[in-house]
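Have a look at the structure below before the remarks.
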Amino acid sequence: MSTTSELRGLVKYPAGNEFRRVLRQRVAEYFENRGISTHGGPRMWIKTATIIVWFLASYLLLLLWATTPLQAVLLSVSLGLSIAGIGFNLQHDGSHGSYSSKRWLNKIMATFLDLTGGSSYLWKWQHNVIHHTYTNVEGIDEDLKVGALGRLAPDQKRLAVHRFQHIYIWFLYAFLPLKWWFLDDYVSLGQGRLGDHKVPRPRGVELFLFFFGKFQFYAWALVLPLFLHSWTVVVPVLVLTSFVTGVTLAVVFQLAHCLEEADFPARPANGELELPFDESQLATTVDFARNNPLATWFLGGLNFQVEHHLFPKICHIHYSAIAPIVEKTCAEFGIPYRNNVTFFDALRSHARWLYRMGRAEPA
Ligand SMILES: [Zn+2]
């Protein structure tokens, strides 16, 4: 198990090179030439307001207005999607510090994860530190570990049941939020670790935020609805909402890293990976549906995950503009730029990867 001090240096990347220098210079020039900030600005404020209104409208209509099963189902789906939208657009950017130039505003945005049942503290370690530093590195990137029933990377032990994982894994994805909300976060806090990595326990304000987040979430998601409705309605609505959120979040993250086009670097015995950091991100990360404006709006630029991994401090509203710069520079340096044209191309690739991982070792 790695300790906290080791977490940022588990394996090293070879030093950056000409490609990194040229790419970063061109992207910097894009912003300088236009005199625009790399952060969000008014476009993000409008988007933020739209998503918060979507979330509140779904919740309040569900709580105070819905009377038929069809209304409850449609509003649960809407609420589940709006929670995923908060994660993709507000919390994710806030956590990376790309939402705003103001630290406190990024912190508020990151805290939306606590307001919707998760933990912004644990997210920062799992996502910003472990996943972004060691993307798809076998045995280190915790995003590749979904429990014994899922085999997502070649180094993971194959079990007989994995033969069917391309059929059942979607149900596992559906249960992820319920697991985070009611179990995993407490286990991580109690053990002071995320998977195989020790992380510092939250203290002071962070610890308060952890428990305040959980309690206020249980209050609005469970306790308040139980004052107004029977548990036979409240529980199915919460479960359906969590399923929609879980499948949406999991699928979007898997389509960027866990599919046929992505590489899964083995953990090197000598402690140094083969490719420099930027090339490694380009080998382990795949864009999808870049020309789909609805996907680009709703997914918070996570369909431009290549750009996100290269420039996580740049707000996602700029990714579609800098993608051609990245693609052109890759072509000049002979570095593959991985992309699935449509959402369904990427979804099929993820399903095929699950199928291959569930059978004999892939060629
Ligand atoms: Zn990220």
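Tell me the net charge near LEU302. Cut-off is 12 Å between Cβ atoms, LEU302 excluded, with +1 for each Lys or Arg and -1 for each Asp or Glu. All intermediate terms of the calculation are to be shown ahead of the outcome.
Working: positive: ARG290; negative: ASP93, ASP287, GLU307.
Net of charged neighbours comes to -2.
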Q) Helix 319-333 versus the longest principal axis of the chain: what angle, 0 to 90°, nearest 10, using Cα atoms? A) 20 degrees
(Q) Quick check on region 206-328: take the gyration tensor over C-alpha atoms, sort the square-rooted eigenvalues as a ≥ b ≥ c, and tell me if it's rounded (a/c under 1.5), prolate or oblate. (A) prolate
Q.
Can you work out the Karplus-derived ³J(HN,Hα) for every residue in region 79-87? Use 6.51 cos²θ - 1.76 cosθ + 1.60 with θ = phi - 60°, whole Hz, and x for glycine or proline.
A. 5, x, 5, 5, 5, 4, x, 4, x
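Would you mind working out the magnitude of the charge dipole of the chain relative to its Cα centre, with +1 at each Lys and Arg C-beta and -1 at each Asp and Glu C-beta, to the nearest 20 Debye? Before the final figure, lay out each step's value.
Working: 33 positive and 28 negative charges, 111 e Å.
In debye, rounded to 20, the chain gives about 540.
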Q. By how many degrees, between 0 and 90 and to the nearest 10, does the Cα long axis of helix 165-179 differ from the longest principal axis of the chain?
A. 60 degrees
**Q.** Rounded if a/c under 1.5, otherwise prolate or oblate - region 2-93, Cα gyration tensor axes
**A.** oblate
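Can you compute the FRET efficiency between ARG34 and LYS313 using 1/(1 + (r/R0)^6), with r the Cβ-Cβ distance and R0 = 22 Å? Round to the nearest 0.05. Could you put the intermediate results ahead of the total?
On the way: r = 17 Å, r/R0 = 0.79.
With R0 = 22 Å, the Cβ-Cβ based efficiency is 0.80.
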Q) Amide H neighbours of ASN340 under 5 Å, counting only residues 5+ apart in sequence or on other chains, H built in-plane at 1.01 Å? A) ASP287, PHE288, ALA289
Q. Given the rule -39500 (n - 2.57) for each run of at least 4 DSSP H residues, summed and divided by the residues of the chain, what is its mean residue ellipticity at 222 nm, to the nearest 500 deg cm²/dmol?
A. -17000 deg cm²/dmol
Q. Given PHE212, LEU81, ALA331, which one lies farthest toward the positive end of the charge dipole of region 7-358, if we put +1 on the Cβ of every Lys and Arg and -1 on the Cβ of every Asp and Glu?
A. PHE212
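Restricting to DSSP loop positions (anything but H, G, I, E, B) with no more than 16 other Cβ atoms inside 10 Å of their own Cβ, which trypsin sites (Lys or Arg not before Pro) remain in region 57-125?
The qualifying sites are LYS102.
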Q | Cα pair distances of region 7-358 binned at 20 Å [whole percent] | A | 29, 60, 11, 0
**Q.** Exposure proxy ranking, count of Cβ atoms within 10 Å, fewest first, for PHE19, PHE210, PHE215
**A.** PHE215, PHE19, PHE210
Q. Once a ≥ b ≥ c are taken as the square roots of the eigenvalues of the Cα gyration tensor of region 90-218, is the result rounded (a/c under 1.5), prolate (a/b larger than b/c) or oblate (a/b not larger than b/c)?
A. prolate
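With +1 on each Lys and Arg Cβ and -1 on each Asp and Glu Cβ, how big is the dipole of region 93-206 about its Cα centre, in debye rounded to the nearest 20?
Numbers: 14 positive and 11 negative charges, 27 e Å.
Computed about the Cα centre, the dipole is about 140 debye.
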Q.
Treating only the Cβ of Lys, Arg, Asp and Glu as charged (+1, +1, -1, -1), what charge dipole size does region 4-114 show about its Cα centre? Round to the nearest 20 debye.
A. 380 debye
**Q.** Efficiency of FRET between LEU105 and THR67 - r from beta-carbon atoms, R0 41 angstrom, step 0.05
**A.** 0.55
Q | 12 Å beta-carbon shell around PRO268, net charge (K/R +1, D/E -1) | A | -1
(Q) Which one, ILE140, PRO202, TYR355, projects farthest toward the positive side of the charge dipole computed for region 7-358 from Cβ point charges (K/R +1, D/E -1)? (A) PRO202
Q) Quick one: helix 231-257 against the long Cα principal axis of the chain, what's the angle to the nearest 10°, folded into 0 to 90? A) 10 degrees
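Since every read-out is calculated from the coordinates, none of them should be taken as a lab result. Predicted model only: the values in this text are computed from it and were never measured. Because the Cβ atoms are built from the backbone with ideal geometry, glycine has one as well, and the counts that use them run over all protein chains shown.
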